[in-house]
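Beneath this line is the structure, given in structure tokens, with notes to follow.
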Amino acid sequence: MSPRPDPRRVRGVIRRFAPARLLVVGDLMLDHFIWGRVDRISPEAPVPVVHVTHETVHLGGAANVVHNIRALGGHATACGVVGGDADGQRILRELAAIGASTAGVVVTAGSVTTSKTRIVAHNQQVVRFDREHTQHDTAAAARLAAFLRRHAGRFDAIVLSDYGKGVITAGLLDLLRRAGTRRPLRLIVDPKKPNFAHYRGVTLATPNLQEAADAAGVEIRDDASLRAAGARLLDRWEAQAVLVTRGAQGMSLFTPDGRVRHFPTVAQQVFDVTGAGDTVVATCALALASGARLDEAAWLANHAAGVVIGKLGTATLSAAELRASLASTR
């Protein structure tokens with residue numbers, strides 16, 4: 001277990017969330033939830049009949065990272081691609097409504113905005129169906145690249161929210177790497193398999209346990225294999241740190257000095273893990289942009305994740321909720 005950070009320092013970090021300016025680059029999505037109850041099985045097939053009670057729509061994917069940053073008090077600019085469809089327009093409206101900038105968002109008339117529809121009955125997902133377009137045209141990629149060349153150096157941190165839907169590419173990662181040689185960039189990455197070979201020189205990567213195992217080529221069974229995987233990822237990604245999120249086992253932070261710091265979960269109850277990884281990467285990035293050390297950023301992210309998984313659906317938390325979680329574990 002990692003020692004607790006100095007409470008005064010951590011409170012100071014949270015106070016500095018407000019002026020921090022973050023850029024979120026990645027796959028912008030819409031999360032659609034259909035809520036209901038199940039009273040019987042269909043006579044047509046052995047499937048439950050869901051009586052719909054209500055529906056909700058939330059920002060998802062990289063857009064949920066933006067939402068988490070804004071909910072915690074930071075400034076956020078979205079950079080990604082949406083289609084010219086109703087879902088794309090909904091994402092733009094929702095981002096504007098929370099006070100986020102959409103200056104880096106490219107609208108492509110011929111593509112489909114990525115959306116995930118979940119049917120939930122009695123707080124359990126029954127099924128999910130996805131609509132997505134993972135091959136963006138060259139014009140969209142060129143516009144994203146132009147925006148990043150012009151503006152990447154103006155932000156306190158950059159989040160790469162990679163859901164494998166086509167925005168994060170080897171070329172885009174190389175562009176940011178080259179930009180970082182001119183002016184150091186804080187790059188915080190939520191990684192996905194298609195780009196495991198292309199993340200290099202990042203400040204922090206936040207894979208979950210399965211992603212860490214796949215990226216490292218190590219079957220994680222125990223503490224020794226976890227440590228081996230963490231060390232391999234630090235080397236492979238030339239990272240300043242790797243934070244492996246481990247579900248009920250909390251999180252483990254690996255740094256090149258050989259230290260491994262474990263953060264046990266602080267969740268009091270688990271209702272829904274949807275979007276928890278977005279909360280982790282958003283909190284880490286905001287904390288690092290606000291002067292936190294790596295262990296302090298991980299500590300804050302662990303508490304933030306513990307709060308949001310106690311909520312139903314794609315959720316965020318406020319700075320006040322984060323402070324309350326920290327206070328409850330003294």
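Laboratory data are not the source of any read-out in this text; all were calculated from the coordinates shown. Note that the coordinates shown come from a computational prediction; the quantities given were computed from them, not determined experimentally. Note that each Cβ is placed from the backbone with ideal geometry, even for glycine, and that neighbours are counted across all protein chains shown.
General observations
- Antiparallel DSSP beta bridges within the chain, percent to nearest 5: 45 percent
- Lysine pairs in the chain whose alpha-carbon atoms fall under 18 angstrom of each other, counting only those eight or more residues apart or on distinct chains, come to 4.
- Selected from A18, A140, A96 as most flexible by GNM, with the chain as the system and alpha-carbon contacts under 10 Å: A96
- Label zone at A103 (point 7 Å along Cα-to-Cβ), backbone N below 13 Å, region 153-179: 153-156
- The calculated P(r) of region 58-137, using every Cα pair and 10 Å bins from 0, goes 18, 45, 29, 8, 0 in percent.
- Note on region 112-169 and region 201-228: Cα centroid distance 23 Å, given to the nearest whole angstrom.
- The chain, helix-only ellipticity at 222 nm - DSSP H runs n ≥ 4, -39,500 (n - 2.57), divided by all residues, nearest 500: -11500 deg cm²/dmol
- Cβ-to-Cβ counts within 10 Å put F147, F254, F17 in ascending order as F147, F17, F254, the fewest first.
- Region 14-73 - Debye-derived log10 I(q)/I(0), Cα point model, q = 0.12, 0.21, 0.26 Å⁻¹: -0.52, -0.85, -1.01
- Gaussian network model of the chain, springs between alpha carbon atoms under 10 Å - residue of G88, G80, G180 with greatest fluctuation: G180
- In units of the rule-of-thumb radius 2.2 N^0.38 Å, the chain shows an alpha carbon radius of gyration of 0.98.
- The overall shape of region 190-314 is prolate: from the C-alpha gyration tensor, with semi-axes ordered a ≥ b ≥ c, the ratio a/c is 1.5 or greater and a/b exceeds b/c.
- In terms of the mean number of neighbouring beta-carbon atoms within 10 Å, the peptides 182-191, 126-135, 294-303, 230-239 order highest first as 294-303, 182-191, 230-239, 126-135.
- Rh by Kirkwood over Cα pairs, then Stokes-Einstein D for region 166-234 at 1.567 mPa s and 4 °C, µm²/s: 101 µm²/s
- Here each label is just a point 7 Å from Cα along the line to Cβ, and for A146 and T117 those points are 3.5 nm apart.
- Label-reachable residues, region 97-123, where backbone N falls under 19 Å from a point 7 Å from R40's Cα toward its Cβ: 121-122
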